[in-house]
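The values are calculated or read from the model by the stated rules, or taken from the named source; none is laboratory data. Quick caveat: nothing in here was measured; it's all calculated off a predicted structure. For neighbour counting, all protein chains shown are included, and Cβ atoms are generated from backbone atoms with ideal geometry for every residue, glycine included.
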Amino acid sequence: MLRRVVGLGAAVLLSSFAVFLVPFVSPGDPVRSLLRARMDFGEADEATVQAYAEQFGLHDPMLVQFGRWLGRFFSGDMGLSYISGTPVADQVLPAIGVTLSLAGTALLVAMLISVVLGVLSATRAGQWPDRLITSVTHALIAIPEYALAPLLVLLFAVRWSLLPSAGYDSPASMVLPVFILALRPISFFTVAVRSGVRQALDSEHVLAARARGLSRTQALARHVVPHGLLPLWTMVGVWFAGLLGGSVIVEVIFAIPGMGRLIFDAITDSDIPVAQGGVVVVVTCAVLVTGIIDLIHKLSDPNVRIGVKHG
Amino acid sequence: MAKKAVSKILLSAPAFILLAVVILTIAAPLISPYDPDAQSLADRLQGPSAAHLLGTDALGRDTLSRVLHGGQFSLSVALITTLFSLLVGTVLGLISALRGGWLDEIFLRINDLLLALPEIVIALLIIAVMGPGFFTMVLSVGVVSWTPTARLVRSMAAQALSTHHVEASEHVGASRWFVLRHHVLPFVVGPVLAQAALRFGLLLVLLGSLSYLGIGVQPPLSDWGSMLADAQPHAIRSPWGLIAPGTAIFLVSFCVTLLGNRITHVLGGEDVLDTAGKVEAHD
Amino acid sequence: MTKELEFIDLSVSSGQKSLLSKARGALRSGELVAVVGRSGSGKTLLTKAIMGLLPEQLQATGQISLDGQRLDQMSDKAMNQIRGQRISMLFQQPKRVMNPRMTIRAHLLEAMGVRTWGKSKTHEAQVCALLEEVGLSPAAQIAGMRPDQLSGGMAQRAMLAIALAADPEFILADEPTSSLDSILKAEVLQLLRKKQQERGVGVLFITHDIASIQHIADRVVVISDGQIVDQCPTAQLFSKDRHAKTRELVEASLPVLRAPRTESSEPLLEAKEASKNYTRKAKGPAALQPTSLSLHSGQVLGVVGRSGSGKSTFARLLAGLEVPTSGQIINQHAGDVATRVQIIAQEPYSSFDPRLDLRTSMSAAVHRLPASEITERMSQVMAQVGLPEDLLERRPGQCSGGQLQRLAIARALLTEPQVLICDESTSALDSVAQRHILDLLLELRRTMGLSLVVISHDMGVIRYVSDDVAVFYESDLVEHRPLNDFLTNAEHQHSKDLVAALDQTVATSVAG
């Protein structure tokens, strides 16, 4: 368990370092780039720039600068945006909130739907519901969301005026983005649930439960489904992390002020501090989420808690 | 028995469709009715007609020709990236499983790390540093996409190596090479190929999204992703600009996934999307 | 009042293939009927068919009546009332069959038919009473445990409690003792018989081991290749009038007197205060305490102990698969010639790669030799183990467990070993196949001068093959004597328990 925590911590550190290095490896003078993130020095001449550089310790060894930068970062100072001159933190923090809610809702919806579909598919294996659901899950992952989204907007927002075409301010405006974001997770989750339930169905637990007098449905609910859902927990963590940045397309298409769009805009505008801030926050959140889900999983498994060795 | 399996995979609808698409795209210069870049402002945003089977785009360019030519870029980038991730992932996964020990541990940690990070974000970062373009697309996506393959390979190889029958073989005197050749590789090859098929489909969509965002293919070249970006503002007048390239991506990706699924079935597995069963949880 | 569970012309088939054909029989309250047959004879299907729990691919025909009521004509919903309440089941591997996330209490409540949540005093009292009845104490504490926390023996008792929970009229027991060691086996058999008689329950006891039911069954039914071929009261089991298949099963369980080898010869393998500790702490529980023992040429050493007693660890040390934490294993003889040791494992199907044909699997031992020599050696060893050579072209899935164990021995023989260690190599086989393997091993000892280390938790096996017996108990070697000495003069309490269990579970030959 401890190793996991250390590993995740290392992940955050390493990615932060990689992000920190960006000004140093991009074209242009790193000193000026770093300075711009701290203050607006306008058209100052070289001597003034150097003076400021001395003041902020911009010629110190890289690791030292990294340490300082990291410290400042996690106490709230993420630098200033090149474009607007305002603190990066003011842009990043609301954005992460939006993305977290978007990703979270999408995953929740995906989990609910996939449990239903997965159980249905597993219990009717080989018959038409199973074949239909399996075909659909394979098709869903192949859909390019940047083609589907505009088409759906065309239908629901323009033709039928049912839903807004952009923004993230009302429940109605959440429908399309969440739907599109949930498509791929639904596919993978459904397959995982189906697989887990199938394995549980084949196991002898069910035979023994039925021998105790439980009906098929009761045996399913008490003995099969809980086992079948196990693989889902591991997947959710990874997918949540993936969706945090992976919602870029959806955010861009629906003009949602989330992290993905923020980072994308920052990179296209070469607004390095915002990009750095965004990436580090996303990585940290991804790592935290994965860790928390892992923890919940371990705590909820009674056998692990008591420390029993499976033999 | 192997022949029957291979024919079951290759002589199938998805395989035929894929083959057709590939041939059409390769033959694009020969068979497209128009020059894909030829503009004709008089014929802007038309729907499908006898003259233009898939209609025209905002600049009057024939959509069909553009789809055929754009496919060359989309498919080749996806293919190269898939092969890259397949190669790197397999080699690294095998080495990690065979060496074991702390090398394996470190490798798994790095893998975990990469898996926990959103793919697109890393790709964006790399593009930020290196600027957009063909090579950057391959590199940025390749850097993260070998991870699932490596994980799968390492997992399967480690599993194969820890079985009782491998221990028995080694105890009677089998060499490392014997174990690798007979016990590990056959176990690993099939699932890896199936996963590669799946990965190709996913990468096609991902790379298309980079082009859509404008950081993938650069003008004057175009691919299916950039076509979708071009068509979006005019979608109300002519949704065909969206439908044509979108369907192309969907069709190829879907067929490739179905092929991957066939491979998995032939090997006795249930579903190519079922990675949860194959990659063991570990601490 | 005597109730009767009867089946007439019960057949089970999978498509065209018939697995059980026209079985007829009756079970009355208060009697224990044993159904004995080899693996694959169709005996397990009998229990599942009666309960209506056959897998979907199988079809059943025939009549099944419980006290006049036709079970085969009942709906699934109606059967749910019968299952667990009037007829319950016992299974072979309790831990596999119980839900690892549910407490024992939860299992019992489920079996009792309680479908509501929340504790009730009456129910709790019933739960504890049941647990105490099967000898599980302190009941309240055990009720709160999960299956993984119980030992094998405790789990088996818990399963009996679950089967008894709703006070059924009949119990169908599917090989409940087949995977238990001799001592546990004796305990569970006695307990089952006791409860059966106390409660007047009718028990159908399925097994491959005719010796185990000799002392507890009222009647015996013999089944072979899906057909019932013989039935008789237990007392008449050993009579010469019995069907050929019955006699085969009986013979496989009888002990054979063998002249013990007493000639001393050079030690081939020696353990000198060898111990093994898998944890890093010096004071942690050791898998094996310092043990000294030597193995001589042509000797058969029987190693017996319960699971976790250290016997398997010892085997792995002798085979060179592990290195001792302290002490040493000397595997040289006549100065400095290395002794070749091979080990045969328990599960035949996991010893071979299921994807490879057997010839390729076996070639692992000889793949460095020139091709002509490889073929020659393979023919040679196949002849030695008595198997046809064309078996090599098959895959493991196409062979029986007995055949695979022979192939494992053949593979070991390819390396021309001097010592063969058999770690529970017969435990996964039925009694007849077990005998065949043991006879093969003894034959190899005779013709090749092989030394054998036969490890088993089954005293019957140990008695059949050993010259000397070594007993492991709680990671320690507690007894090491020649066989006859062991049977009459064992000193350690555990040894005495083992010998006592032998008398109860292994057939004693009856004159006539």
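Brief remarks follow.
- Qualifying residue in region A:191-204 (condition: touching a Lys or Arg at 6+ places or on another chain (Cβ under 7 Å) and either without any contact (Cβ under 8 Å) to a residue 24 or more places away in the chain or away from chain C (no Cβ under 14 Å) (or both)): yes
- For region C:26-70, filtered to residues that are under 24 Å from the mean Cα position of the chain (by Cα), of a type in the set (S, T, N, Q) and not in a loop (DSSP other than H, G, I, E, B), the residue that is surrounded by the fewest Cβ atoms within 10 Å (Cβ to Cβ) is C:T44.
- Qualifying position, being closer than 30 Å to B:G133 by Cβ, surrounded by 13 or more Cβ atoms within 10 Å (Cβ to Cβ) and of a type in the set (D, E), among B:D43, B:D62: B:D62
- Criterion: at pLDDT 80 or above, within 30 Å of B:L273 (Cα to Cα) and away from chain B (no Cβ under 14 Å) - qualifying residue of A:S75, A:S101: A:S101
Here's the yes/no breakdown for (1) more than 23 Å from the chain's Cα centre (by Cα); (2) among the charged types (D, E, K, R); (3) at pLDDT 90 or above:
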| site | (1), (2), (3) |
| --- | --- |
| C:E322 | yes, yes, no |
| C:Q328 | yes, no, no |
| C:H333 | yes, no, no |
| C:L369 | yes, no, no |
| C:L387 | yes, no, yes |
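- Checked against the criteria, A:F66 does not count as surrounded by 15 or more Cβ atoms within 10 Å (Cβ to Cβ) and modelled with pLDDT under 75.
- Of the listed requirements (1) more than 25 Å from B:P118 (Cβ to Cβ); (2) assigned to a helix (DSSP H, G or I); (3) among the acidic types (D, E), A:D60 misses just one: (2).
- The requirement of being in contact (Cβ under 8 Å) with a residue 60 or more places away in the chain and of a type outside the set (A, V, I, L, M) is not satisfied by A:S75.
- Across region A:118-139, the number of residues qualifying as hydrophobic (A, V, I, L, M, F, W, C) and under 13 Å from B:D271 (Cβ atoms) comes to 4.
- Subset of region C:220-241 that is farther than 14 Å from C:G37 by Cβ and of a type in the set (D, E, K, R) - its residue that is surrounded by the most Cβ atoms within 10 Å (Cβ to Cβ): C:D241
Residues checked against (1) under 12 Å from the mean Cα position of the chain (by Cα); (2) part of a loop (DSSP other than H, G, I, E, B); (3) without any contact (Cβ under 8 Å) to a residue 24 or more places away in the chain:
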residue	(1), (2), (3)
C:D167	no, yes, no
C:P176	yes, yes, no
C:S179	yes, yes, no
C:K185	yes, no, no
C:V188	no, no, no
C:L192	no, no, no
C:Q196	no, no, no
C:I206	no, no, no
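Let's see how each residue does on (1) surrounded by fewer than 22 Cβ atoms within 10 Å (Cβ to Cβ); (2) assigned to a helix (DSSP H, G or I); (3) of a type outside the set (F, W, Y):
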site	(1), (2), (3)
C:H107	no, yes, yes
C:C128	yes, yes, yes
C:E132	yes, yes, yes
C:S137	yes, no, yes
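- Complete set of residues in region B:216-229 that are touching a residue at least 12 places away in the same chain (Cβ under 8 Å) and more than 10 Å from chain A (Cβ to nearest Cβ): B:G216, B:V217, B:Q218, B:P220, B:L221, B:S222, B:D223, B:S226
- Annotation: of all residues in region A:237-264 being more than 10 Å from chain B (Cβ to nearest Cβ) and more than 16 Å from the chain's Cα centre (by Cα), the one that is farthest from A:F24 (Cα to Cα) is A:F254.
- Test: residue in region B:59-74 that is within 30 Å of B:P220 (Cβ to Cβ), among the aliphatic types (A, V, I, L, M) and within 14 Å of another protein chain (Cβ to nearest Cβ): yes
- Residue check, A:S84 among the polar types (S, T, N, Q) and in a helix (DSSP H, G or I): no
- At least 2 residues being buried (at least 20 other Cβ atoms within 10 Å of the Cβ) and within 20 Å of the chain's Cα centre (by Cα) is the threshold, and among the strands (runs of 3 or more DSSP E) wholly inside region C:418-512 those reaching it are C:419-423, C:451-456, C:468-473.
Results for (1) surrounded by 21 or more Cβ atoms within 10 Å (Cβ to Cβ); (2) without any contact (Cβ under 8 Å) to a residue 12 or more places away in the chain; (3) of a type outside the set (S, T, N, Q); (4) not in a loop (DSSP other than H, G, I, E, B), shown as yes or no for each residue.
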| residue | (1), (2), (3), (4) |
| --- | --- |
| C:V323 | no, yes, yes, no |
| C:Q328 | no, no, no, yes |
| C:F352 | yes, no, yes, no |
| C:M378 | yes, no, yes, yes |
| C:Q384 | no, no, no, yes |
| C:L387 | no, no, yes, no |
| C:D390 | no, yes, yes, yes |
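- Being closer than 24 Å to A:R198 by Cα, assigned to a loop (DSSP other than H, G, I, E, B), facing chain A (nearest Cβ under 8 Å) and not β-branched (V, I, T) holds for only one residue in C:R101, C:R96, and it is C:R101.
- Residues that are within 14 Å of chain C (Cβ to nearest Cβ), surrounded by fewer than 21 Cβ atoms within 10 Å (Cβ to Cβ) and acidic (D, E) are absent from region B:230-237.
- Apart from one condition, B:V91 fits all of (1) under 21 Å from the mean Cα position of the chain (by Cα); (2) in contact (Cβ under 8 Å) with a residue 40 or more places away in the chain; (3) surrounded by fewer than 19 Cβ atoms within 10 Å (Cβ to Cβ); the exception is (2).
- Among residues of region C:36-77, those that are within 14 Å of chain A (Cβ to nearest Cβ), farther than 27 Å from C:A217 by Cα and out of contact with any Lys or Arg (no Cβ under 9 Å at 6 or more places or on another chain), counted: 5
- The residue list B:A157, B:A168, B:A150, B:A123 contains one member that is in a helix (DSSP H, G or I), within 11 Å of another protein chain (Cβ to nearest Cβ), in contact (Cβ under 8 Å) with a residue 12 or more places away in the chain and small (G, A, S), which is B:A123.
- The single condition from (1) at the interface with chain A (Cβ under 9 Å from one of its Cβ atoms); (2) in contact with a helix residue (DSSP H, G or I) (Cβ under 6 Å, 6 or more places away or on another chain); (3) surrounded by 21 or more Cβ atoms within 10 Å (Cβ to Cβ) that B:L213 fails is (2).
- Matching entry among A:D269, A:D294 (being at pLDDT 80 or above, over 13 Å from the mean Cα position of the chain (by Cα) and more than 7 Å from every other protein chain (Cβ to nearest Cβ)): A:D269
Here's the yes/no breakdown for (1) surrounded by 15 or more Cβ atoms within 10 Å (Cβ to Cβ); (2) closer than 26 Å to A:D269 by Cα; (3) touching a Gly at 6+ places or on another chain (Cβ under 7 Å); (4) not small (G, A, S):
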{"residue": "A:V6", "(1), (2), (3), (4)": "no, no, no, yes"}
{"residue": "A:V12", "(1), (2), (3), (4)": "yes, yes, no, yes"}
{"residue": "A:S15", "(1), (2), (3), (4)": "yes, yes, no, no"}
{"residue": "A:V19", "(1), (2), (3), (4)": "yes, yes, no, yes"}
{"residue": "A:D29", "(1), (2), (3), (4)": "no, yes, no, yes"}
{"residue": "A:P61", "(1), (2), (3), (4)": "no, no, no, yes"}
